[in-house]
1. Please pick out the residue among S83, S35 that is polar (S, T, N, Q), buried (at least 16 other Cβ atoms within 10 Å of the Cβ) and in contact (Cβ under 8 Å) with a residue 24 or more places away in the chain.
2. Tell me whether the range 104-122 contains one or more residues that are under 16 Å from C12 (Cα atoms), of a type outside the set (D, E, K, R) and loosely packed, with under 15 Cβ neighbours inside 10 Å.
3. Across the range 1-23, what is the number of residues that are assigned to a strand (DSSP E or B) and surrounded by 13 or more Cβ atoms within 10 Å (Cβ to Cβ)?
4. Which ranges mark the strands (runs of 3 or more DSSP E) fully within the range 28-127 that have 1 or more residues being under 23 Å from A16 (Cα atoms), more than 14 Å from the chain's Cα centre (by Cα) and among the small types (G, A, S)?
5. Exactly one condition in (1) touching a helix residue (DSSP H, G or I) at 6+ places or on another chain (Cβ under 9 Å); (2) farther than 26 Å from D24 by Cβ; (3) modelled with pLDDT under 95 is not met by S89; state its number.
6. Please state which one of T40, T22 is of a type in the set (S, T, Y) and more than 24 Å from G116 (Cβ to Cβ).
7. Yes or no: the range 61-74 includes at least one residue that is of a type in the set (F, W, Y) and in contact (Cβ under 8 Å) with a residue 40 or more places away in the chain.
8. Checking R56 against (1) among the basic types (K, R); (2) surrounded by 12 or more Cβ atoms within 10 Å (Cβ to Cβ); (3) free of Cβ contacts under 8 Å to residues at least 24 places away in the same chain, only one condition comes out false. Which one?
Amino acid sequence: MTVDRHTAEGGCHCGAVRFRVTFDSPPELLDCNCSICSKTGFLHLIAAASDFALLRGSDVLSDYRWGTGTARHLFCALCGIKSFYVPRSHPDGFSVNWRALDGVEAVVPVIREYDGRDWEAARADLG
């Protein structure tokens, strides 16, 4: 079976942070119910580090950590948007907010609910 690959760019609201990500089609997105994801509406596209490139904005990223400190929540210090971050579940990759991508309206993702409120038990479901 052949897997189609797509590349898209995205970023924060003010445009100071821009990135590129490559993903399989149809992409699987995780709709997490943990406190930070549900409050911000983050819709996760998990990407390997090799499929992600920060194009600009490393100088304006602010790093927020809590709990284990493994997840690196990266926000634009100018507009406050978290368009991607380094998740605890995939510390060698990235989680991109699907809603921060440009030009993906024609791509139909598969959205899977994820129980991030019970992260320790649900972790095995991430692969």
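The values are calculated or read from the model by the stated rules, or taken from the named source; none is laboratory data. Remember, it's a predicted structure, so these values are computed and weren't measured experimentally. Note that we place each Cβ from the backbone using ideal geometry, even for glycine, and neighbour counts take in every protein chain shown.
1. Details: S35 fails: buried (at least 16 other Cβ atoms within 10 Å of the Cβ).
S83 is the lone residue from the list that is polar (S, T, N, Q), buried (at least 16 other Cβ atoms within 10 Å of the Cβ) and in contact (Cβ under 8 Å) with a residue 24 or more places away in the chain.
2. Initially, the range 104-122 is screened for residues under 16 Å from C12 (Cα atoms), giving 104.
If we keep only those that are of a type outside the set (D, E, K, R) as well, we get 104.
From what is left, the residues that are loosely packed, with under 15 Cβ neighbours inside 10 Å are none.
Scanning the range 104-122 turns up no residue that is under 16 Å from C12 (Cα atoms), of a type outside the set (D, E, K, R) and loosely packed, with under 15 Cβ neighbours inside 10 Å.
3. Qualifying residue count for the region: 11.
4. 61-64
5. S89 satisfies all of (1) touching a helix residue (DSSP H, G or I) at 6+ places or on another chain (Cβ under 9 Å); (2) farther than 26 Å from D24 by Cβ; (3) modelled with pLDDT under 95 except (2).
6. Values: T40 fails: more than 24 Å from G116 (Cβ to Cβ).
When all the criteria are applied, what remains is T22.
7. Pass one, the range 61-74, residues of a type in the set (F, W, Y): 64, 66.
Okay, now just the ones that are also in contact (Cβ under 8 Å) with a residue 40 or more places away in the chain, so none.
No, the range 61-74 has no match at all.
8. Here R56 meets the rest and fails (3).
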